[in-house]
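Q: First the structure, which I've put down as structure tokens, then a few questions once you've had a look.
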């Protein structure tokens, strides 16, 4: 049967029924002597003074609120009832003892008019007052409150002696009743039990303004719900994912993510605090740490071969460059070779070749022309550095020299060079014209206004050099070249002062 806490309408156990007689309690209506509740070690009751009849020989009844078990520390409202038909005055004494006959719990008076307490030998006794003898009433009921003792007290026993008196103002003709009842201690209720997969974590080296996440598991190793009220950090570089109050069912678990986002090149430490309803570990800490590191691209490096300005026949060529040292610990540097027939590496005329982690790559170039090349070194986040210089190579047919190209007939229309670019204040432009035609070469500004006309005439096949000397404000300009045969091309020129 379960325990009822703090209630008034509670059932009673009728322990004894006795004959119809009057009883006067001890010799004082203001309360009996101590140690008269029939309690150990002497088990003395009120018949020591009221000796007309043997104990429990009457036809009355003594009741106590049913209490078969108790929870340590809980509070119980209890009642004692004494009745014996024909009797007119009443008294009682109660003691509550543990298995060692020591005081068990605390007695709290809830009716100062009719009950009182006294202490002897470390034991507290509850008894009636003079007013609590209930003169000329058919029965008596006394209320009190009992606070159960601490955990691991064990079974406790209520000892009560009752006096059903005849009201003749002496101790003759009174009936004494005794009662005892034992309540078992309930086992402690199950409690939440929080278990963490980790209590420390080092994020290691993380680049400033980037982030790295880590997950840990919260497990509920009990048979009742575990409630996580909050998970907090004191440093904003460690962020815990947002969630409302988290409830983890028995034997369940939940994964929580923490993100480290350093904002400086220093070591960070913090305590992540988890607040829960686990009474043993209501605040549990995960110690986290990590180091911020600035992200740098690979160091500048140089090209090795083919040499700048060298001549080659159309074929497979080996491009080589120095290794680019990486400033970031643990990074792998990868490379890309970029070749173009445009010195500005116009995307239309540019080809990219991935070299992975190698510092050389074979590329087949079959089109005779002047080619420019450079290498790009980059880390896994695509932060990179170009080679310190851009080199050019001349790809010529067998038996043809670069001088022949310079003075000979080009294979196609092209703006082969605009150098230097950016420039100040002059730029040299080379036009490749494969056939006789009228050519127009004009300079336009950013808003489409024509600034200068460099060529507007019929020209013969060959390579033609044109010079433009800028004046006025610096800025970006566009060289537009058109042929009468329908070819056109545009080159961006940057004038810097």
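The values are calculated or read from the model by the stated rules, or taken from the named source; none is laboratory data. On a predicted model such as this, the values are computed, not experimentally measured, just so you know. Glycine also receives a Cβ, built like all others from the backbone with ideal geometry; neighbour counts cover every protein chain displayed.
Results for (1) closer than 30 Å to residue 330 by Cβ; (2) outside the structural domain of residue 283 (by TED's automatic domain parsing); (3) touching a strand residue (DSSP E or B) at 6+ places or on another chain (Cβ under 9 Å), shown as yes or no for each residue.
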| position | (1), (2), (3) |
| --- | --- |
| 162 | no, yes, yes |
| 165 | no, yes, yes |
| 172 | no, yes, no |
| 175 | no, yes, yes |
| 180 | no, yes, yes |
| 202 | yes, no, yes |
| 211 | yes, no, yes |
| 214 | yes, no, yes |
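Q: Next question. Find the residue count for the range 308-339, including only residues that are exposed (fewer than 13 other Cβ atoms within 10 Å of the Cβ), touching a helix residue (DSSP H, G or I) at 6+ places or on another chain (Cβ under 9 Å) and not in a loop (DSSP other than H, G, I, E, B). Please lay out each step first, then the result.
A: Step one: filter the range 308-339 for residues exposed (fewer than 13 other Cβ atoms within 10 Å of the Cβ), giving 309, 315-316, 318, 325, 329-330, 332.
Applying the additional criterion that residues be touching a helix residue (DSSP H, G or I) at 6+ places or on another chain (Cβ under 9 Å) yields 309.
Now drop any that are not not in a loop (DSSP other than H, G, I, E, B), which leaves none.
Adding up the residues that qualify gives 0.
Each row is one residue, and each column tells you yes or no for (1) surrounded by 14 or more Cβ atoms within 10 Å (Cβ to Cβ); (2) touching a strand residue (DSSP E or B) at 6+ places or on another chain (Cβ under 7 Å).
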| position | (1), (2) |
| --- | --- |
| 427 | yes, yes |
| 431 | yes, yes |
| 438 | no, yes |
| 448 | no, no |
| 458 | no, yes |
| 469 | no, yes |
| 477 | yes, yes |
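Q: Restricting the search to the range 85-121, which residues are more than 21 Å from residue 63 (Cβ to Cβ) and either outside the structural domain of residue 154 (by TED's automatic domain parsing) or over 53 Å from the mean Cα position of the chain (by Cα) (or both)? Explain how you work it out, then say what you get.
A: Going residue by residue through the range 85-121, those that are more than 21 Å from residue 63 (Cβ to Cβ) are 98-103, 106, 112, 118-121.
Answer for the range 85-121, where residues must be more than 21 Å from residue 63 (Cβ to Cβ) and either outside the structural domain of residue 154 (by TED's automatic domain parsing) or over 53 Å from the mean Cα position of the chain (by Cα) (or both): 112, 118, 119, 120, 121.
Q: Additional query: Can residue 254 be described as in contact (Cβ under 8 Å) with a residue 24 or more places away in the chain, in a strand (DSSP E or B) and either within 22 Å of the chain's Cα centre (by Cα) or over 30 Å from residue 360 (Cα atoms) (or both)? Lay out the reasoning, then the answer.
A: Values: in contact (Cβ under 8 Å) with a residue 24 or more places away in the chain: yes; in a strand (DSSP E or B): yes; either within 22 Å of the chain's Cα centre (by Cα) or over 30 Å from residue 360 (Cα atoms) (or both): yes.
Taking the combined requirement at face value, the residue satisfies it.
Q: Could you say which residue among 385, 366, 359 is touching a residue at least 40 places away in the same chain (Cβ under 8 Å), in contact with a strand residue (DSSP E or B) (Cβ under 7 Å, 6 or more places away or on another chain) and in the same structural domain as residue 316 (by TED's automatic domain parsing)?
A: Numbers: 366 fails: in contact with a strand residue (DSSP E or B) (Cβ under 7 Å, 6 or more places away or on another chain); 359 fails: touching a residue at least 40 places away in the same chain (Cβ under 8 Å).
Only one candidate qualifies: 385.
Q: Condition first: within 16 Å of residue 31 (Cα to Cα) and part of a strand (DSSP E or B). Now tell me which residues in the range 124-143 satisfy that.
A: Looking only at the range 124-143, we keep the residues that are within 16 Å of residue 31 (Cα to Cα), and these are 124-135, 140-143.
Residues satisfying the conditions are 124, 125, 126, 127, 128, 140, 141, 142, 143.
Q: In addition: Hey, any hits in the range 474-489 for a residue that's closer than 18 Å to residue 437 by Cβ and either outside the structural domain of residue 435 (by TED's automatic domain parsing) or free of Cβ contacts under 8 Å to residues at least 24 places away in the same chain (or both)?
A: Yes, the range 474-489 contains at least one residue that is closer than 18 Å to residue 437 by Cβ and either outside the structural domain of residue 435 (by TED's automatic domain parsing) or free of Cβ contacts under 8 Å to residues at least 24 places away in the same chain (or both).
Q: Looking only at the range 84-121, count how many residues are part of a strand (DSSP E or B), free of Cβ contacts under 8 Å to residues at least 60 places away in the same chain and crowded, with 22+ Cβ neighbours inside 10 Å.
A: Let us first name the residues in the range 84-121 that are part of a strand (DSSP E or B), namely 89-98, 103, 106-108, 115-120.
Next, from what is left, pick out any that are free of Cβ contacts under 8 Å to residues at least 60 places away in the same chain: 98, 103, 106-108, 115, 117.
With crowded, with 22+ Cβ neighbours inside 10 Å added as a condition, the list becomes 115.
Residues in the range 84-121 being part of a strand (DSSP E or B), free of Cβ contacts under 8 Å to residues at least 60 places away in the same chain and crowded, with 22+ Cβ neighbours inside 10 Å: 1 in total.
Q: OK, next. Would you pick out the residues in the range 257-282 that are in contact (Cβ under 8 Å) with a residue 60 or more places away in the chain and within 11 Å of the chain's Cα centre (by Cα)? Steps first, please.
A: Of the range 257-282, the ones in contact (Cβ under 8 Å) with a residue 60 or more places away in the chain are 274, 276-281.
Result: 274, single match.
Q: I would also like to ask the following. Assuming residue 411 fulfils every condition listed in (1) surrounded by 15 or more Cβ atoms within 10 Å (Cβ to Cβ); (2) modelled with pLDDT under 85 apart from one, which condition is it?
A: The one condition residue 411 does not meet is (1).
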